[in-house]
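The structure appears right after this line, and notes come after that.
Values quoted throughout were computed directly from the atomic coordinates according to the rules given, and no laboratory measurement underlies them. Just so we're clear, the structure is a prediction, and the values are computed from it rather than from any experiment. Positions of Cβ are generated from backbone atoms using ideal geometry, with glycine treated the same way; all protein chains shown enter the neighbour counts.
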Amino acid sequence: LIVPQPGNATRCFVFTVPELGNGDLQVAEVDVAQNRVISSNRVLLNSVTEKLTAVPHCNGTDYWVIAHKAGSNEFAAFQVSAGGVASSPRISAVGSRHAAGVESAGHLKASPSGGRLAAAIFGQNALELFDFNNATGEVGNFVRLTSPATTRAYGLEFSPSGKWLY
């Protein structure tokens, strides 16, 4: 996931998560004008799932980068501002526990308005829908949607209006 650094047209942050939730959320800072990596492999959070997304902050400048901790029901929202990536996330304990491994596989997507998040949980054959507060970074109001046992939920997306979830 690539997020531009607010206030700096030549720098961005590259966030990575492990396949199947077997590692850490890491970030690298890149200067694209100089084609140079400023810093890399900075660990932001240990033991995360594949779920990772970004949402514009309500201030119209910053961003929230949101990940899900493996083996828990916790979301971690890191604010990205002109000063860089916050070292401490906003933690929200909501929804089901996502174990590492196949259960942690699946997308995390934000609605176009940034007010909703949806998570696909491959190993549980389910989708989870949440409200997201883009002023505070808080995730809340959990709704679980299950699918038939023969279907594995991995990818998902909101419609451009944000009314529909596919």
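Remarks
- If you take all other residues with their beta carbon under 12 Å from the beta carbon of VAL48, and give Lys and Arg +1 and Asp and Glu -1, the sum is -2.
- Distance between modelled label sites at ASN125 and ASN141, nm, 7 Å Cα→Cβ extension: 2.9 nm
- About the centre of its Cα atoms, segment 26-115 shows a dipole size close to 120 debye [charges on the beta carbon of Lys, Arg (+1) and Asp, Glu (-1) only; nearest 20 debye].
- Net charge contributed by nearby residues that have their C-beta within less than 15 Å of LYS109 (K/R +1, D/E -1): -1
- Among the listed options [x] -0.45, -0.55, -1.00; [y] -0.31, -0.49, -1.20; [z] -0.22, -0.35, -0.99, the one matching log10 I(q)/I(0) by the Debye sum over Cα atoms at q = 0.08, 0.10, 0.17 Å⁻¹ as calculated from these coordinates is [z].
- Net +/- balance of residues flanking PHE158 in space, Cβ distance below 9 Å, scoring K and R +1, D and E -1: +2
- Dipole magnitude of the chain about its Cα centre (Cβ charges: Lys, Arg +1; Asp, Glu -1), debye to nearest 20: 140 debye
- Span from the segment 61-84 Cα centroid across to the segment 27-59 one, whole angstrom: 10 Å
- Taken along the Cα-to-beta-carbon direction at a fixed 7 Å, the label points for ILE91 and ALA9 span 4.1 nm.
- Segment SER113-CYS58, extension gain: residue separation times 0.36 nm, minus the distance between their alpha carbons: 18.8 nm
- Part-to-part distance (alpha-carbon centres) for segment 99-119 and segment 125-148, which is given in Å: 8 Å
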